Structure formats: structure tokens, C-alpha cells
Amino acid sequence: MSTDTGNTATRMNSTNDWVTYLSKVELPVLANTLRRIDELTDSSNSTVNELANVILNDAQLTSQVLRLSNTVFYNQTRTQVSTVSRAITLIGFDAVKSMAISSLIVDSLLKRNDRPHLLHCLARAIHAAVQARCLLPRRNEQALEEVFIGALLMNIGELAFWSCDTEQAAELEQALRLEEPPVDAQKRVLHSTFTEITRGLVEAWSLGPFIKEVVSAGRANSKAASLVRHSVEMARLSEQGWRGADMDKALEALAEDIGEAPATVRDRVKVNAGEAARVAVSLGIPQVTALMPGSQNDQSASVHQAPEVDPALQLQILRDLTNTLAEKPDINEVCQLVIEGIHRAVGMQRVALLMSDRSGHQLIPRKLGGKGTDTWKDNFSVPRDGTGPLGVLLPHARCYIYQPKRDAQPVSFDRWLGRVPALIAPIKAKGRLIGLFYADNAAADYVPSQDQLTAFAHFVQNAQLCLTLMSDH
């Protein structure tokens with residue numbers, strides 16, 4: 001591996017490369033904080049104070065821990081908790097330690113990326129952690145939190161990998177999109193596997209003997225470690241529903257771990273899934289609840305559906321546009337309103353208006369809206385001759401839903417452009433193409449709906465009307 005740690009193009013060629021890269025380049029703060037927290041054991045007042053100080057040093061972590069401390073999942077007495085010290089006293093050292101670790105994992109990884117694979121992994125990890133904690137036969141607080149964190153971190157290598165923007169992450173993502181077997185794809189692209197990277201990180205980050213046992217090869221040495229492994233497997237299978245031969249085997253294994261009948265375990269895990277969704281909301285990631293099975297209905301069918309258009313907001317913004325056009329039309333004001341309407345009322349995450357550059361050969365950004373469009377300003381361009389990886393975005397005669405081809409080429413500055421479904425519309429002046437509106441949903445795995453296309457077209461028509469009025473004067 002290159003010693004130039006600032007080089008984002010560095011390629012990792014072994015498990016050791018990945019462990020070093022993730023630990024020292026991408027996630028050193030997370031690694032060190034997890035190590036510090038995990039080393040703390042409730043042996044004296046000094047360690048209680050140390051835990052409180054680690055949490056209080058991070059305002060976001062403090063608010064997350066306090067929010068979790070007031071949930072029924074951790075605080076069954078429902079006594080209001082407003083300080084970290086009170087949380088440790090009332091709920092227990094190990095429970096607060098568990099909250100801190102889970103909050104750190106979520107915040108550290110998600111603020112780096114919103115890749116769908118990361119969201120799926122987080123949803124699965126939280127679901128498995130809640131299942132393991134809820135299923136464990138009641139022992140002591142330490143055992144409850146041990147299985148929770150064990151399940152949460154059992155796939156830390158995969159979580160850490162997907163949180164990073166690397167060339168190999170984009171390659172693996174494409175391989176999985178083309179349905180290459182996951183482990184084969186990992187070996188080919190990463191020269192390692194997520195399982196091997198996880199074992200390396202558990203060792204390098206000193207995550208403790210229990211997690212080391214959970215991720216080790218071979219049979220689990222304890223019932224608790226076995227429960228964690230089977231909870232993670234069951235959480236993975238539940239994404240396809242609660243029925244099937246593989247799910248039956250997973251439930252039988254869990255039943256053996258906890259000494260209950262498989263039918264009883266099936267009923268319990270469905271209830272626990274609902275609890276997992278509530279924990280995800282408390283952790284500040286409600287978006288992953290759609291990726292979890294519901295306690296009543298399997299929500300997996302809704303994951304790929306576009307959000308509802310907001311007709312009231314759409315009407316309000318269209319009225320503002322009409323008023324602007326009735327006065328002295330200002331193209332910048334109109335286009336800004338159109339961008340906002342497409343983003344907020346139509347429900348598209350990223351929106352751009354591209355117009356001809358001075359040469360007339362490229363369409364380049366004029367207005368941008370939504371998270372993740374910062375790099376578009378200097379990089380996003382669509383050749384007027386339709387060449388290059390983004391030439392496919394050159395619009396047809398009218399508004400339409402763009403569907404990418406399976407072999408769509410990536411661009412270096414944005415992993416979604418040209419490779420995810422989008423809404424596209426031409427902007428014309430005197431019959432000549434001078435620009436286009438583009439809107440997509442980045443990582444969200446769904447095709448825009450016909451309602452969204454219709455609403456998108458209404459907003460674009462207003463921008464077109466403004467241009468027509470200006471060209472007539």
C-alpha cells in the first residue's frame with residue numbers, strides 16, 4: 001500500500017491494508033473513542049466519571065445518550081433523565097456505555113456517507129442488536145449490553161468500508177448491482193472479505209474478548225456469542241420476510257440458544273422488530289426503519305416506492321411563481337423557486353438547472369439545490385453532442401423519467417450521476433435547446449413516480465414560460 005495516506009486513489013490489496021487504512025486514515029477518532037469507552041469497566045467512581053466525561057466532551061453524543069436514556073427500551077421506570085451522571089446512576093453504567101457506543105457508530109459513519117449499502121448495514125446491525133438484547137434470558141445488565149454491542153459490531157468491517165468514499169467501494173457497489181456473488185466480489189475487488197476486515201478491526205481497535213469471540217472462526221464458545229451470531233443471521237433473513245426454510249432454521253437455532261420453542265421465538269422476534277425501529281428513531285436515523293421488517297407488516301415492499309408529492313406546498317410555490325411572472329419576470333428568482341419546488345414539493349433530493357456555457361458546447365450548472373450538490377458546480381457538465389458518460393442526460397423533446405443502463409459509466413466527482421433514475425426536462429428558447437432541469441434521489445433506491453413527473457413538469461413549464469416572456473420582449 002502507498003504510504004501517501006492523503007491519496008484517495010490508494011488501492012488496498014490485503015486485509016492488513018484495509019485495517020490500517022480504516023484505522024489510521026478514515027476513522028482514527030472513532031477507533032480511539034471506541035477503544036477508550038470499551039476499556040472502561042464499572043469498577044470504581046473514577047471510571048464512572050471517565051465515562052461521563054467521554055460523553056460530555058461531545059455535545060451530539062450527550063444529546064443522543066440522554067434521548068436514549070428516556071426511552072422505554074433502556075428506562076423501564078420512565079423516570080425522566082436530564083443529565084449523563086443521573087443516567088449512569090439510574091439506568092446503569094453498562095447501559096449508558098452501550099448507548100454511547102451505538103450513538104458513536106451511527107453518528108461517525110452516517111455523517112460521512114449516505115450510501116444505501118451503509119444504511120442497509122446500519123438497519124441490520126441495530127435490528128440484530130435489539131433482537132439479541134431482548135431475547136437474552138434475563139441475567140445481569142452487563143450481559144444484556146454485551147450481546148447488544150456484540151451484534152451491533154459483528155459487521156463493523158462492512159459498516160466502516162461503506163462509510164468511506166473509495167474507488168474500490170464504487171467498484172464493489174457496481175459488482176453487487178450486477179449481481180456478482182457478494183463474497184466473490186469482495187475477494188476480487190478488495191483482495192479480502194468483510195469478515196476478515198471485521199476480525200482485523202476488532203483486534204486493532206481492542207474491542208474486547210466477547211466481540212472477538214463473536215467474530216472468530218469456528219463454533220461459538222458461549223451461548224451468548226451463539227445468540228449474537230444467530231440474531232445477526234435472523235436479522236439478515238428477515239429483510240426477505242418472516243417465512244422460508246432458512247428463516248425456520250435461524251429461528252430453531254435461536255430457540256436452542258435461549259431454551260424456548262421456535263413458534264414462541266417467531267412471535268417474539270416480530271415484536272422485537274418493532275422495538276428495533278423505535279431504537280433507530282431514538283438514535284436519530286428514522287430513515288433506516290423502512291429497511292427493517294415491521295412488527296405487523298413486512299415493510300420491504302415500501303422501500304422502493306417514491307415519496308408522495310406535497311400538493312399543498314406545490315400549489316403554494318406555483319402561486320408564488322405565477323405572481324413573479326405577473327410582475328416583472330426575473331429569471332434568477334423564477335429558477336430558484338422552481339428548484340425549491342422540485343426539491344421540497346416534488347420530493348427530489350438533488351436538483352440542478354444547467355444552461356449553455358459561453359462556447360455553446362456544454363450545459364453547465366446555473367442553479368443547484370439539495371444535499372450533495374456541492375461538487376456539481378465545478379464538475380457537472382453535459383456535452384451538447386451527447387458524448388461522454390453524462391451525454392446520456394441530454395434531454396428528449398419533453399419531461400421524462402431517465403432510467404440508467406446497467407453498464408452506465410461512473411464519473412469521478414459523484415457516484416450517482418447517470419447511474420440512478422432521474423427526472424429530466426429540456427429548456428428551450430425559440431425552439432433551440434439552451435438548458436435542462438435534472439433531479440435525482442442519490443442513494444434512495446426507487447424510480448420517481450408518475451405523480452412526481454407530472455409535478456416536475458408543472459414547475460419546469462413555469463421556468464419555460466418565463467424564458468419565453470423574456471425572449472418576446
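At a glance:
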| read-out | value |
| --- | --- |
| On Cα atoms only, tilt of 141-153 relative to the major axis of the chain in degrees | 40 degrees |
| Residues of region 412-427 with amide N under 15 Å of a point placed 7 Å along Cα→Cβ from ASP165 | 412-417 |
| 222 nm mean residue ellipticity, helices alone, for the chain (DSSP H n ≥ 4; -39,500 (n - 2.57); rounded to 500) | -16500 deg cm²/dmol |
| Sequence of LYS430, LYS367 once ranked by neighbouring C-beta atoms within 10 Å, starting from the fewest | LYS430, LYS367 |
| Overall Cα dimensions of the chain - principal axes, largest extent first, Å | 80, 50, 48 |
| Aspartates and glutamates whose Cα lies under 19 Å from that of LYS430, excluding same-chain neighbours fewer than 8 positions away | ASP330, ASP357, ASP472 |
| Where labels lie 7 Å past Cα in the beta-carbon direction, separation of THR77 and ASN57 in nm | 2.9 nm |
| Net lengthening on full extension, VAL447/ALA217 (0.36 nm per residue, minus Cα-Cα) | 78.7 nm |
| VAL281-THR387 FRET efficiency (beta carbon distance; Förster radius 41 Å; 0.05 resolution) | 0.35 |
| Zone residues, region 337-366, relative to THR375, backbone N less than 17 Å from point 7 Å out along Cα-to-Cβ | 350-352, 365 |
| Contour excess over end-to-end distance, with Cα ends at TRP242 and ASN49 and 0.36 nm allotted per residue | 65.1 nm |
| Burial order of peptide ranges 459-467, 228-236 (average beta-carbon count within 10 Å, highest first) | 228-236, 459-467 |
| P(r), alpha carbons of region 362-405 - 5 Å bins starting at zero, rounded % | 5, 19, 24, 28, 20, 4 |
| Where only C-alpha atoms are counted, convex hull volume of region 363-457 per residue in Å³ | 106 Å³ |
| Footprinting exposure proxy for VAL25, VAL19 (fewest neighbouring C-beta atoms within 10 Å first) | VAL25, VAL19 |
| Alpha-carbon centroid distance for the pair region 147-216 / region 17-38, whole angstrom | 14 Å |
| Cross-link pairs beyond the 20 Å C-alpha cut-off, checked among LYS223/LYS249; LYS377/LYS428; LYS111/LYS212; LYS377/LYS405; LYS223/LYS270; LYS97/LYS212 | LYS377/LYS428; LYS111/LYS212; LYS377/LYS405; LYS223/LYS270 |
| Principal semi-axes in Å for region 91-186 [√(5λ), Cα gyration tensor, largest first] | 30, 15, 9 |
| Cα coordinate range in region 195-287, projected on the principal axes (Å, largest first) | 38, 34, 21 |
| Against the rule of thumb 2.2 N^0.38 Å, how large the Cα Rg of region 311-471 comes out | 0.98 |
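Computed from the coordinates by the stated procedures, all read-outs in this text should not be read as laboratory data. Remember, predicted model here, so these are calculated numbers, not experimental data. Don't worry about glycine lacking a Cβ; one is built from the backbone with ideal geometry, like all the others, and counts go over all protein chains shown.
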